Amino acid sequence: MASTAEIKAQIQSAIEQANEAIGQINAAQQQIETAVGAGAAATQDTSSSLPGEALGQWQQAKERLEETVNLVLAANTAFEQYSNSI
């Protein structure tokens, strides 16, 4: 069985990995925001509903990424609490 110190180190490593993932998610959100702006500018004069649908889906994707960040942060907090309790 692993020692308490080893468990805490493994938890800290996992949290650091999750924080790196958050950074990548934030970068993805920024890229989607750029895509939304470019897509909106490129299709501003169209009468088709398809670009609007596409832009809405990109916005939904961006919102879901934000939800993902919040879930990862909550998990990090739970692991930190666990680590502090052992």
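Some observations on this one:
- Segment Trp58-Ile7, length gained on full extension (0.36 nm per residue, minus Cα span): 14.4 nm
- With Cα atoms, 0 to 90° folded angle of helix 50-85 axis to the chain main axis: 10 degrees
- Residue (of Tyr82, Val36, Ser47) at the positive-pole extreme of the chain, dipole from beta-carbon charges: Tyr82
- The chain: angle of helix 4-42 to the longest principal axis, Cα-based, in degrees nearest 10: 10 degrees
Rule-based calculations on the coordinates, nothing more; no lab input. Note that the structure is a prediction, hence the values are computed from the model and not measured. Cβ sites come from the backbone with ideal geometry, for glycine too, and all protein chains shown count toward neighbours.
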